[in-house]
Amino acid sequence: MSLKPPLTELEIKTADSGFYKGFTKDVTITAKVLVAALILWAVAFPTQAAGVLSKFNTLILASFNYWYIYVVAFFVVVCLGLAIWPSTGRMRLGNEDDRPEFTNFSWFSMMFGAGMGIGMLTYSTGEPIYHFQTNPDVIQGLVAGGTAETVRSAYKWSFLHWGLSPWGAYALTGLALAFFAYRRGLPLTIRSSLVPLFGNRMSGVIGHAVDVVAVIATVLGVAQTLGFGVEQFVAGLARIGVGDWLMVTTEDGGQKASVAAVILSLIIIMGASTLSALSGVGKGIKWLSNINMGLSFFLLAFFLIFGSTMFGLKSLFIGLYDYLVAFPSMMFTVWSDDGTEVGKALEGWQGGWTIFYWAWWIAFAPFVGLFLARISRGRTIREYVLGAMLVPSVMCFVWFALVGGTAIDLELSGLANNTILGTGLSDQLYATLAVLLSDGMAWVFSVVVAVLLLTYLVTSADSAVLIINTINAAGDEGPKARPHIIFWGAALAFVVGALLIIGGLGAIQTAMVIGALPFSAVMALMGVSLIKAIIRDGIRARKGLPVTAREIAGE
């Protein structure tokens, strides 16, 4: 079998001068036009935008539910398979003499940081408490909702959404980016991961389209995360006592952030994150990262010591066992409306939870994947996969068990008296603190959570802006012209604000599910491309042929 040397150069045209110097104009301008069009549409025609997005969402959930379930399962199987297989597991993300830039402790700490964030603060209480009331086991009549026997199934399904599946999606993206950037010397951008399938054609229109899809997915995925964070930040300000004007009553009797509160929050968050992005990843962003890491440990330690400790630890270990035993089945199960009430309810639950999550993780994958790739040069594939999938998953499980377990225990014991179950998703962490603590201490901890949220919101938005510009600059982390940083900071703020105002979090969720669909196809191709490249590198290595860019160059 005759093998050509792998492609180690990919010419991506960037502007030599002018406003777009250092950027790929085809990608940058197209992405800006599409995002601007979405914002203008949502602002100028809010009713029409909400209706059209809803119809598309319904169509996707009905037609692509199998696709989302199976494609995420494919990501998990590919990553674990490459790690377990001896010859591929030993392959290094870089040259054979490259060694990790960071110590194991630092690397795991950064993985921990990646596993934490806005969604964790929102869902560590909200998801277990929701599944405590209803989940597929309850719908099928296997357990009774809202009882002690429901706790096991509540954690099984919560762990599904925050365990190996999402981190498999992130790990695949990061693995493909790291493999082709550090072994092949290709640009650190999404299109490079498809070179084994499309060759030099990735320099042109096809490559531009891939990077545009990645930028749009990133914008909508980050918008989803920021949307949750803004709602919870506003709920925290209301708990602290900033003013009644922050919240308004919805048609169903619930509470959501007012338009004025959304605008004020976005001005604060995006203003700070844009200033941080303008200064690069300097002292400001490091300072904020240190604050949110310290506050995260402090909050987790508080729940470990003063929360329902034994209940939480029991939920952790039993839930982990149940999750691992049921994982293969849960990973591949797709429910559809079979004409029965149970079938319809199961399809609705899966669409609102699992499909939504899989789309969210896929949309967020370019963002997290680039981060994982950047910190993992020199690691073997086995080290990388196990680190990127296991460590963050375990941290998510610990948070869900200790924080969510405390909320469930307070409701089961009657101390909460439905005050946690009876409030909205964004307010449930604050409600748990209010039951657990005196009024004064609850106020103090609400301030801690609000500050922690603010630091996560600023660092997430800052990083997103820099990564979007990295993709637009053909993988070059250098050119970050001020106008482009300001544009993407403002664009993220307007996307979040416009979608929150026209339809709340549901509108952002809908737009994100739609935006994630094309990138899910790109990720599937990334998996196939990576497998092909690794198999061919294995053959080359056995024949004594060069496999890395440095070996091919004769260095």
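The values are calculated or read from the model by the stated rules, or taken from the named source; none is laboratory data. Note that the coordinates shown come from a computational prediction; the quantities given were computed from them, not determined experimentally. Don't worry about glycine lacking a Cβ; one is built from the backbone with ideal geometry, like all the others, and counts go over all protein chains shown. Each accessible area value is taken on the protein alone, full model and side chains, heavy atoms only, with ligands, DNA and RNA left out. Shrake-Rupley method; radii C 1.70, N 1.55, O 1.52, S 1.80 Å.
For residue 105, the conditions (1) without any contact (Cβ under 8 Å) to a residue 60 or more places away in the chain; (2) on the phi > 0 side of the Ramachandran plot all hold with the exception of (2).
Within the bounds of the stretch 434-456, is there any residue that is part of a loop (DSSP other than H, G, I, E, B), open to solvent by 10 Å² or more (accessible area, probe 1.4 Å) and of a type outside the set (Phe, Trp, Tyr)?
Initially, the stretch 434-456 is screened for residues part of a loop (DSSP other than H, G, I, E, B), giving 437-438.
Filter once more, keeping what is open to solvent by 10 Å² or more (accessible area, probe 1.4 Å): 437-438.
Going one step further and asking which of them are of a type outside the set (Phe, Trp, Tyr), we end up with 437-438.
Yes, the stretch 434-456 contains at least one residue that is part of a loop (DSSP other than H, G, I, E, B), open to solvent by 10 Å² or more (accessible area, probe 1.4 Å) and of a type outside the set (Phe, Trp, Tyr).
Looking across the stretch 411-426, the residues that are open to solvent by 10 Å² or more (accessible area, probe 1.4 Å) and in contact (Cβ under 8 Å) with a residue 24 or more places away in the chain come down to 411, 412, 421, 423, 424, 425, 426. Screening the candidates 406, 380 for the property of being of a type in the set (Ser, Thr, Tyr) and either surrounded by fewer than 20 Cβ atoms within 10 Å (Cβ to Cβ) or free of Cβ contacts under 8 Å to residues at least 40 places away in the same chain (or both) yields one hit, 380.
Total residues in the stretch 52-94 satisfying the condition of being farther than 30 Å from residue 393 by Cβ and surrounded by 13 or more Cβ atoms within 10 Å (Cβ to Cβ): the figure is 4. Going through (1) of a type outside the set (Val, Ile, Thr); (2) in contact with a helix residue (DSSP H, G or I) (Cβ under 6 Å, 6 or more places away or on another chain); (3) open to solvent by 20 Å² or more (accessible area, probe 1.4 Å) one by one, residue 155 falls short only on (3). When each of 302, 317, 297 is tested for being over 13 Å from residue 167 (Cα atoms), touching a residue at least 60 places away in the same chain (Cβ under 8 Å) and part of a helix (DSSP H, G or I), the lone residue that passes is 302.
With 497, 554, 544 as the choices, which residue is open to solvent by less than 60 Å² (accessible area, probe 1.4 Å) and either under 23 Å from the mean Cα position of the chain (by Cα) or more than 21 Å from residue 265 (Cα to Cα) (or both)? First the steps, then the outcome.
Details: 554 fails: open to solvent by less than 60 Å² (accessible area, probe 1.4 Å); 544 fails: open to solvent by less than 60 Å² (accessible area, probe 1.4 Å).
It is 497.
Where in the stretch 162-243 are there helices (runs of 4 or more DSSP H), lying wholly inside it, with at least 2 residues that are of a type in the set (D, E, K, R), in contact (Cβ under 8 Å) with a residue 60 or more places away in the chain and farther than 17 Å from residue 28 by Cβ? I'd like the intermediate steps shown before the answer.
Numbers: elements: 164-178, 195-198, 205-240.
The qualifying helices (runs of 4 or more DSSP H) are 205-240.
How many residues are of a type in the set (Gly, Ala, Ser), out of contact with any strand residue (DSSP E or B) (no Cβ under 8 Å at 6 or more places or on another chain) and surrounded by fewer than 21 Cβ atoms within 10 Å (Cβ to Cβ) when one looks only at the stretch 461-494?
Filtering the stretch 461-494 for residues of a type in the set (Gly, Ala, Ser) gives 461, 463-464, 473-475, 478, 481, 489-491, 493.
Subsequent filtering for residues that are out of contact with any strand residue (DSSP E or B) (no Cβ under 8 Å at 6 or more places or on another chain) retains 461, 463-464, 473-475, 478, 489-491, 493.
Narrowing the set further to residues that are surrounded by fewer than 21 Cβ atoms within 10 Å (Cβ to Cβ) leaves 478, 490.
Count: 2.
Within the stretch 127-152, the set of residues being buried (at least 24 other Cβ atoms within 10 Å of the Cβ) and in a helix (DSSP H, G or I) comprises 127, 128, 129, 131.
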